[in-house]
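Taken together, the values in this text are just the output of simple stated rules run on the coordinates, not laboratory data. Computed from a predicted structure; not experimentally measured. No Cβ is skipped: glycine too gets one built from the backbone with ideal geometry, and neighbour counts run over all protein chains shown.
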Amino acid sequence: MKITYREALNQAMCEEMERDDRVFLMGEEVAEYNGAYKVSQGMLDKFGPKRVIDTPITELGFAGLGVGAAMTGLRPIIEFMTWNFAILALDQIVNAAAKMKYMSGGQYSVPMVFRGAGGSAARVGAQHSQSLENWLANVPGLKVVMPSNPADAKGLLKAAIRDNDTVVFIENEINYGDVGTVPDGEYIIPLGKADVKRVGNDVTIVAHSRMTGFALAAAEELAKQGIDAEVIDPRTIRPLDETTILRSVAKTNRVVTVEEGWRFAGIGAEISARIMEKGFDDLDAPVIRVTGKEVPMAYAANLEAMTLPSVADIVEAARVVCGRA
Amino acid sequence: MSAEQNQGAGIMHDGVFYNAETLHQMHDSMLFIRRFEEKAGQMYGLKKIGGFCHLCNGQEAVCVGLHHASEPTDYMMTSYRDHGHILARGSDPTAVMAELLGRKGGIVKGKGGSMHMFDITKNFAGGNGIVGEQVPIGLGFGFSSWYRNDGRVTICIMGDGGINQGAVYESFNMAALWKLPIVFVVENNQYAMGTSLDRASAETQLFKRGISFKIPGMKIDGMDVLEFERKMRTAMAHARSGEGPILVEAMTYRYRGHSMSDPATYRSRAEVDEWRTGRDPIARIQGQMIEAGIATEEDFKQKDRDIKKEVAAVAKAAEEQPEPDAAELWTDVYSDPIEGAYPYPGKVS
Ligand SMILES: Cc1ncc(C[n+]2csc(CCOP(=O)(O)OP(=O)(O)O)c2C)c(N)n1
Ligand SMILES: [Mg+2]
């Protein structure tokens with residue numbers, strides 16, 4: 001069936017809530033407004049106000065509520081309208097949810113999902129356009145998931161809700177309206193598994209979230225120029241499926257990583273380091289990282305466009321890494 | 001108002017005399033904000049403004065009242081619903097419009113957009129996009145005035161939704177503990193996006209939110225600029241006297257949706273009309289001025305035509321500006337950039 005990314009997320013939540021009455025959804029505007037981005041459309045009607053709950057604008061408080069409820073065995077889905085606002089809740093995510101299992105010597109687990117829109121939206125400026133996955137992926141105890149298309153969104157969110165650990169699930173605001181085919185019936189994608197989105201032999205492009213689409217577009221362009229790119233979407237950032245990436249590098253010997261976020265200690269840095277550690281002999285050229293520019297996001301259209309990676313940037317990087325520039 | 005001014009045409013409002021000049025200023029400023037916001041809405045519709053754009057139609061009396069009750073040296077900061085406040089403060093409207101359009105001459109060089117208006121020359125410190133964020137920042141401005149003993153008051157504005165953030169109460173406590181010169185102003189427009197006040201707040205009388213911190217509260221009609229200005233003066237005097245912070249709840253209403261993308265289906269037409277036609281702050285002051293014989297209906301019609309022209313000229317001047325220079329991408333990240341360190345210009349590789 002062809003549905004949007006937002007509908008896929010909605011289906012995942014509805015199916016899991018039908019299946020397990022410990023699952024509830026809480027966040028700002030999730031109920032009566034049907035979600036700021038309409039991801040929870042119709043869920044209040046379906047499940048009622050006890051399971052689809054509007055909160056005041058108090059991110060730290062309701063994130064902590066989720067942690068506490070999860071410690072008693074409920075399975076909260078805590079929605080952040082966007083991940084920018086989750087910065088207020090980082091104490092509960094990083095200091096509580098991620099560490100509780102360890103700190104309690106295994107007595108308490110925190111089976112919950114923190115989810116919402118991440119990455120850059122269009123023209124919303126510095127405080128509403130940023131990528132925080134590298135912050136979160138740095139934390140042991142968290143699993144970090146970022147779907148790039150509707151099918152992955154559904155399959156991964158269902159897995160995240162069933163997972164017995166805390167899953168940070170970062171959606172992409174610009175992808176919400178994207179349409180894609182999602183398999184009918186129960187569809188679950190295990191966490192921690194990368195997906196080869198395009199098979200190729202000349203260069204491996206690793207990209208996640210919205211950048212996966214950019215990488216695929218770049219691969220089409222590269223094909224016209226005689227470069228056959230393989231595109232890998234890790235889908236789960238932590239734990240990272242390095243096996244799939246290393247297998248591809250063994251074949252192509254050349255790698256470009258792509259991310260919207262800043263370069264410093266970014267996802268590309270982690271991937272490059274792992275390839276250097278475990279696949280050094282497979283490399284014919286240094287890994288090239290395509291990243292967002294290291295500036296806060298400006299509002300002006302021209303500056304915004306300069307800040308974000310483009311398809312052309314990826315094409316250029318692939319040409320350079322293949323010695324074709 | 002001093003005794004000398006207490007002469008000639010004007011309005012005596014609960015013991016305070018407003019002369020004709022002040023009344024015209026307040027009226028014109030409110031009307032300018034209204035027309036400016038309408039223009040911004042139009043420009044958004046034409047896709048000349050992008051992203052999030054939050055208009056303040058209906059809330060003009062709060063913007064103008066705050067400005068008139070304060071000194072230019074007083075500090076002010078607010079949320080993303082900031083156009084009206086910065087305009088009331090006297091910032092260049094062309095620079096504000098250019099900011100909305102993301103142009104070079106924008107008030108923050110096109111870097112901030114609608115949500116991030118700043119004007120240090122007017123002591124206006126944003127323009128903050130994260131709900132509640134400006135409250136601890138305002139605490140810091142107030143602290144600075146206490147530290148320097150500079151006699152300034154900080155006007156720290158938040159929404160009825162924003163007041164629920166935890167950091168607000170941390171700030172209230174410190175402000176009261178150290179008797180900092182701050183007026184916390186809640187613009188209670190009764191909605192936070194689609195959430196009505198009673199669905200988000202256990203205590204809906206927001207002026208009471210400071211009680212457990214011993215912060216006195218005042219609830220003021222924010223649809224009557226004279227009433228609001230007059231009472232706001234007493235709040236300012238309280239903060240300036242060294243007695244500590246005070247909390248003002250301004251009762252107001254936003255006529256438009258939360259932002260340009262919000263159809264506002266969570267409230268009834270009748271409710272909006274009740275405020276819009278029954279309590280409009282511009283119509284109100286016009287009525288008061290006509291009654292006092294200071295202006296006629298025809299004067300106001302003419303004024304409206306003039307202001308519309310002025311706003312159109314502002315929009316035109318802003319639109320004629322180019323986008324920011326590409327080199328601006330790398331400026332303003334640090335005050336003291338370290339040579340060779342990030343951020344650096346450069347190609348992908
Ligand atoms: C921390 C945070 N959470 C959520 C948002 C999204 N958001 C933007 S405005 C808003 C509603 C705020 O309402 P209120 O404080 O009443 O101010 P108003 O918009 O009415 O002026 C929300 C939830 C945000 N910007 N920051
Ligand atoms: Mg409000």
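Side notes on the structure shown:
- Helix runs (DSSP H) in chain B reaching 20 Å along axis by Cα, Kyte-Doolittle at least -1.0: B:20-45, B:134-148, B:225-240
- For A:GLN225 and B:GLN25, a Förster radius of 56 Å and the Cβ-Cβ distance give a FRET efficiency of 0.30, rounded to the nearest 0.05.
- Residue among A:LEU246, A:LEU136, B:ALA295 farthest towards the positive dipole end of the protein assembly as shown, charges placed on Cβ: A:LEU246
- Mean-square fluctuations from a GNM of chain A, with a 10 angstrom spring cutoff on Cα atoms, peak among A:MET17, A:MET146, A:MET276 at A:MET276.
- For the stretch B:89-160, averaging the sequence separation of C-alpha pairs within contact (under 8 Å, six or more residues apart) and dividing by the residue count gives a relative contact order of 18 percent.
- The stretch A:195-321 - Rg over Rh from alpha carbon coordinates, Kirkwood radius: 0.96
- Alpha carbon Rg of the protein assembly as shown, scaled by the compact-globule rule 2.2 N^0.38 Å: 1.04
- To the nearest ten degrees, helix A:242-252 and the longest principal axis of the Cα atoms of chain A are 20 degrees apart.
- Structure-based [θ]222 nm, the protein assembly as shown - -39500 (n - 2.57) summed over DSSP H runs of at least 4, per residue, nearest 500: -11500 deg cm²/dmol
- Once the Cα atoms are used to define both axes, helix A:267-279 deviates from the longest principal axis of chain A by about 60 degrees.
- Mean-square fluctuations from a GNM of chain B, with a 10 angstrom spring cutoff on Cα atoms, peak among B:VAL62, B:VAL16, B:VAL183 at B:VAL16.
- Listed from fewest to most Cβ neighbours within 10 Å, the set B:HIS83, B:HIS13 follows the order B:HIS13, B:HIS83.
- The peptide list A:165-176, B:164-175, put in order of mean Cβ contacts within 10 Å with the highest first, becomes A:165-176, B:164-175.
- Normalised contact order of chain B, rounded percent, pairs of Cα under 8 Å and 6 or more residues apart: 21 percent
- Sum of side-chain charges, B:SER261 neighbourhood, beta-carbon under 13 Å (Lys, Arg +1; Asp, Glu -1): +1
- Average partner coverage of A:115-124, which counts Cβ from other chains inside 10 Å: 2
- As computed over the stretch B:121-279, the Cα convex hull volume per residue (Å³): 119 Å³
- Using a Gaussian network model of chain B in which every pair of alpha carbons under 10 angstrom is joined by a spring, one finds that among B:GLU291, B:GLU319, B:GLU60 the greatest mean-square fluctuation is at B:GLU291.
- Out-of-range pairs (alpha-carbon distance over 30 Å; input A:LYS38/A:LYS158; A:LYS50/A:LYS158; B:LYS111/B:LYS301; A:LYS158/A:LYS251; B:LYS39/B:LYS109; A:LYS101/A:LYS293): B:LYS111/B:LYS301; A:LYS158/A:LYS251; A:LYS101/A:LYS293
- Once the Cα atoms are used to define both axes, helix A:5-19 deviates from the longest principal axis of chain A by about 40 degrees.
- Square roots of five times the Cα gyration tensor eigenvalues for the stretch A:2-181, Å: 23, 19, 16
- Peptide A:284-291 is shielded by partner chain Cβ atoms: per residue, an average of 1 of them sit within 10 Å of its Cβ.
- Computing FRET efficiency as 1/(1 + (r/R0)^6) for B:TYR169 and B:ASP299, where r is the C-beta to C-beta distance and R0 is 41 Å, gives about 0.30.
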